[in-house]
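Reviewing the structure listed below.
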Amino acid sequence: MKRIDPRAQLAWLAAIVAGALFAGAPGVAAALTLGIAVLARSGRFTRSLRLVPTVLPLAVGIGLLDAFSGDPAGGATAGARIIALVVVAAAFAAVADGDALVDALRWLRVPFDVTFALVTGARLVPLAAADLSDLADTARLRGIDIDGAPPRRLRSWARLLVPLLVVTVRRGLRLGEAMEVRAFTADRPRTRRSRMRWRRRDLVAFGGALVYLSAVVVMVL
Amino acid sequence: MGERVLVVGPTGSGKSTLLRALIGLVPHVSGGDLTGDVEVAGVHTRGLAPHDIAARGVALVAQDPAETFVADRVAAEVAFGPESLALPEREVDERVGEALEAVSLASAARRRVRELSGGEQQRVAIAAALALRPSVLLMDEPTAHLDEATARAILELVAAIARERGMTLVLSEHRLGIAACLVTRALVIAQGRLVLDGAPRGVLADPSVERLGVPVPRSTLVAAALALPAPLALTPQELVARVEALEAAWAPPAPPPAPEAGTALRFEHVTYAYRSAERPAVRDVSFALGHGERVALIGPTGSGKSTLARLALGLRRADAGEVTLAGMRTRSTPMSRLAGVGGLVLQDPTRQLIAERVEDEVASGLAGLPPSERRSRVEREIERFGLGPLRTRHPLTLSEGQRRRVVLAAATARRPAVLVLDEPTLGQDARQRDALARLVADLAAEGTAVLAISHDPEFVADACERALVLREGSLVADLPIGGTPVQLRALADAAVPLSDVGAAVLLLSRRGTPVAARTVDELVARVTAARAPV
């Protein structure tokens, strides 16, 4: 999936997410299966699946809500849907190339400023995670209980949010300056050095995504 | 046009502000009042935004390239500037190829920038600037995050490109021994004013420059003290070449005393791997640190230094082997008990400030102590680090140097058994570096073992008595840092960067004159003594 044109990757993402959201249990099962399959081939299976426990309480909560409303099957599907969407997002992040994604969104006529902001924001996430990890280590070394019981843990982590925000804003400002001194301005048109070329396998993948999406539409109707 | 200018000065003297003014970030982005006129590449900056100044041939390379990357892949990163100029796609391609060729990264065009080494990342940042085909290239401490050898390679590369293209280079740099050899002119800035302007060797020969806190190369200080013939030596090689044949040799001094009994930290066959990694970050590492020992942890980027530091403090738990911190096994001891005995000061102090006032930050690790003891410790550290006037300020509103002092105060207030310093001299001037070395000595005298991760050979020589060398997660050398040729040869063989004095001692010994010295004063005294008739 990594070597496929980003336009085909985006089409598959849209099709699978649509399936998971609107095609009931089969769509959710297909999203989970495809997501796991892509992750398994990406070499980031273990790392990516570590996200699942963080959304597990939400998935269980939503599932139980539906179950207690008298629809246990619907509850199970709703809970699984949350996990499936996380797995699919992780799989897409594992195979997508930020630069290619900017090109693909540009092909879809999305303004460069918007796509660039989105992709740059996504790039800042792991950096912010590293910043948060350093702040958490500092707190641990000062004896602040950030790994203890939930209420206290929540309060301790909340203390780190303001410094994290400051660090992230500073990082964003430095990045903005770096763009400015490389002649970037939103007021001027720019060219884009794109390497996107439709090859046969890309067209097949794109066609496959359209077929999948059509199947979802048929199921919904 | 075509001048290569070195801008030097103590930390906070205004070097970065000067460079930022040259590309219009001051005042257009930073704000503030600009009086007078700045003209660069034929344009006046007052009426132009930085992107317009960049479009007219001025480029800036920042200290940390990783913070300025806007793309995933090398080629896309380098193309960003020409694309912003709305050049035709073919010309963008041409410029990308040319710029990558200039920095010897043509084969890396498809690689991800975040997977490159620090030196390669800085080359990408330089290529990205060159792709704008600037007539003026500004560089703000471009080697601050690099080791000595990589820094030399980068500076030599940039100077060669500037020479070849007739490009004006304005370089702010702390590694003066390397940089001063590559430029045609030096400016000294202090407290926002230009205090000296001239040929690099002439400027560095001025005694007032060192007094300002400029990190004058120690080879230069030795050469000046010995009144060696002109031109002034900037490197150990130049220094030794100017020293006449010496008449006497010296026996090496006695080895330093062994550390006092008692172990602050012990690693026994420790291995640790991140869950997503293919190979362990730390592999079968064993060593011990005595109370009050001062140890440098040295190794290239990605060799496992930061992971080892976190293992030492109990922030990561070993997969195999045993880490014992102040008598406690970190694997089985709760963090709440380990917290008081380990301290960590990171490169970027902003990532360690979690309180709303300086005095609360310093007190933040002392919650378990009686109030009177807590107060007395806070007062002591506030006094030690000169934070009195800042005590009620929000730490995040302070300057970088002040923030670093706050983080150090917060770490030392707990009187840790082991204190880890991660690149503590980054962006520090000579006076701050000396103060830090004195602090390390004071802490060691109080019984704290200090583990300093550092690329700075002068700081390592001043502050540490032992070097641990990591490579690909393994401990490949554990050596004393001394001043004898034998000790220095062992360090050099283990790829430990030598201080100027250390390198000069080694060169003298290769010339048949065994000298032992660790400091400028010792080397001057010994060479002076050797000049006297026997």
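The values are calculated or read from the model by the stated rules, or taken from the named source; none is laboratory data. Quick caveat, the model's predicted, so the values are computed rather than measured. Reconstructed Cβ throughout: ideal geometry from the backbone, glycine too, with neighbour counts over all protein chains shown.
In the set A:141, A:161, A:135, which member is of a type outside the set (S, T, N, Q), under 30 Å from residue B:330 (Cβ atoms) and touching a strand residue (DSSP E or B) at 6+ places or on another chain (Cβ under 6 Å)? Spell out how you get there, then give the answer.
Details: A:161 fails: touching a strand residue (DSSP E or B) at 6+ places or on another chain (Cβ under 6 Å); A:135 fails: touching a strand residue (DSSP E or B) at 6+ places or on another chain (Cβ under 6 Å).
Selected residue: A:141, the only one of A:141, A:161, A:135 that is of a type outside the set (S, T, N, Q), under 30 Å from residue B:330 (Cβ atoms) and touching a strand residue (DSSP E or B) at 6+ places or on another chain (Cβ under 6 Å).
Select from segment B:308-351 the residues that are in a helix (DSSP H, G or I) and either among the aliphatic types (A, V, I, L, M) or at pLDDT 95 or above (or both) and list them in ascending order.
If we filter segment B:308-351 for residues that are in a helix (DSSP H, G or I), which is where we start, we get B:308-312, B:335-341, B:349-351.
Within segment B:308-351, B:308, B:309, B:310, B:311, B:312, B:335, B:338, B:339, B:341 qualify.
Hey, among A:148, A:121, which residue is without any contact (Cβ under 8 Å) to a residue 40 or more places away in the chain, among the small types (Gly, Ala, Ser) and more than 9 Å from chain B (Cβ to nearest Cβ)?
A:121
Among what's in segment B:328-345 and is within 10 Å of chain A (Cβ to nearest Cβ) and among the small types (Gly, Ala, Ser), pick the residue that is surrounded by the fewest Cβ atoms within 10 Å (Cβ to Cβ).
Checked segment B:328-345; the qualifying residue surrounded by the fewest Cβ atoms within 10 Å (Cβ to Cβ) is B:336.
Among the helices (runs of 4 or more DSSP H) confined wholly to segment B:160-233, which include 2 or more residues that are within 20 Å of residue B:457 (Cα to Cα)?
Where helices (runs of 4 or more DSSP H) fall fully within segment B:160-233 and carry at least 2 residues being within 20 Å of residue B:457 (Cα to Cα), they are B:176-179, B:218-225.
Within segment A:185-199, is there a residue that is more than 7 Å from chain B (Cβ to nearest Cβ) and assigned to a helix (DSSP H, G or I)? It would help to see each step written out before you state the result.
To start, the set of residues in segment A:185-199 that are more than 7 Å from chain B (Cβ to nearest Cβ) comprises A:186-187, A:194-199.
Adding the requirement that they be assigned to a helix (DSSP H, G or I) leaves none.
No: zero hits.
What residue, of B:293, B:278, B:361, is within 14 Å of another protein chain (Cβ to nearest Cβ), among the acidic types (Asp, Glu) and either surrounded by 22 or more Cβ atoms within 10 Å (Cβ to Cβ) or within 28 Å of the chain's Cα centre (by Cα) (or both)?
B:361
Can you tell which of A:178, A:158, A:130 is in a helix (DSSP H, G or I), touching a helix residue (DSSP H, G or I) at 6+ places or on another chain (Cβ under 8 Å) and on the phi < 0 side of the Ramachandran plot?
Numbers: A:158 fails: touching a helix residue (DSSP H, G or I) at 6+ places or on another chain (Cβ under 8 Å); A:130 fails: touching a helix residue (DSSP H, G or I) at 6+ places or on another chain (Cβ under 8 Å).
That would be A:178, the only listed residue that is in a helix (DSSP H, G or I), touching a helix residue (DSSP H, G or I) at 6+ places or on another chain (Cβ under 8 Å) and on the phi < 0 side of the Ramachandran plot.
Are any residues in segment B:83-122 exposed (fewer than 15 other Cβ atoms within 10 Å of the Cβ) and either closer than 27 Å to residue A:113 by Cα or not assigned by TED's automatic domain parsing to the domain that holds residue B:155 (or both), and if so, which ones?
B:86, B:88, B:89, B:90, B:91, B:94, B:110, B:114, B:115
Inspect all residues belonging to segment B:383-405 and state whether any of them is closer than 25 Å to residue B:337 by Cα and either touching a helix residue (DSSP H, G or I) at 6+ places or on another chain (Cβ under 7 Å) or acidic (Asp, Glu) (or both).
No, segment B:383-405 has no match at all.
Sort out which residues of segment B:290-319 are among the basic types (Lys, Arg) and touching a strand residue (DSSP E or B) at 6+ places or on another chain (Cβ under 7 Å), and write them in order of number.
B:294, B:305, B:316
Being more than 9 Å from every other protein chain (Cβ to nearest Cβ) and among the aliphatic types (A, V, I, L, M) is the filter here, so list the residues in segment B:24-60 that pass it.
Correct list: B:26, B:34, B:38, B:40, B:41, B:43, B:48.
Find the strands (runs of 3 or more DSSP E) located wholly in segment B:398-504 whose residues include 2 or more that are buried (at least 20 other Cβ atoms within 10 Å of the Cβ) and touching a residue at least 24 places away in the same chain (Cβ under 8 Å), and list them. Lay out the reasoning, then the answer.
On the way: elements: B:418-422, B:449-453, B:466-471, B:474-480.
By residue number, B:418-422, B:449-453, B:466-471.
Of all the residues that make up segment B:46-65, how many are in a helix (DSSP H, G or I), in contact with a Leu (Cβ under 7 Å, 6 or more places away or on another chain) and surrounded by 18 or more Cβ atoms within 10 Å (Cβ to Cβ)?
If we filter segment B:46-65 for residues that are in a helix (DSSP H, G or I), which is where we start, we get B:46-47, B:50-55, B:65.
Adding the requirement that they be in contact with a Leu (Cβ under 7 Å, 6 or more places away or on another chain) leaves B:46, B:50, B:54-55.
This time we only want the ones that are surrounded by 18 or more Cβ atoms within 10 Å (Cβ to Cβ), so: B:50, B:54-55.
Residues flagged as in a helix (DSSP H, G or I), in contact with a Leu (Cβ under 7 Å, 6 or more places away or on another chain) and surrounded by 18 or more Cβ atoms within 10 Å (Cβ to Cβ) within segment B:46-65 amount to 3.
Looking only at helices (runs of 4 or more DSSP H) that fall completely inside segment B:66-151, which ones have 1 or more residues that are more than 9 Å from chain A (Cβ to nearest Cβ) and touching a His at 6+ places or on another chain (Cβ under 7 Å)?
Fully inside segment B:66-151 and qualifying: B:118-130.
Can you name the residue in segment B:255-269 that is modelled with pLDDT of 65 or more and over 28 Å from the mean Cα position of the chain (by Cα) and is also farthest from residue B:327 (Cα to Cα) among such residues?
B:269
For residues that are modelled with pLDDT under 95 and among the aliphatic types (A, V, I, L, M), scanning just segment B:409-433, find the one that is farthest from residue B:370 (Cα to Cα).
So, considering only residues that are modelled with pLDDT under 95 and among the aliphatic types (A, V, I, L, M), the one farthest from residue B:370 (Cα to Cα) is B:430.
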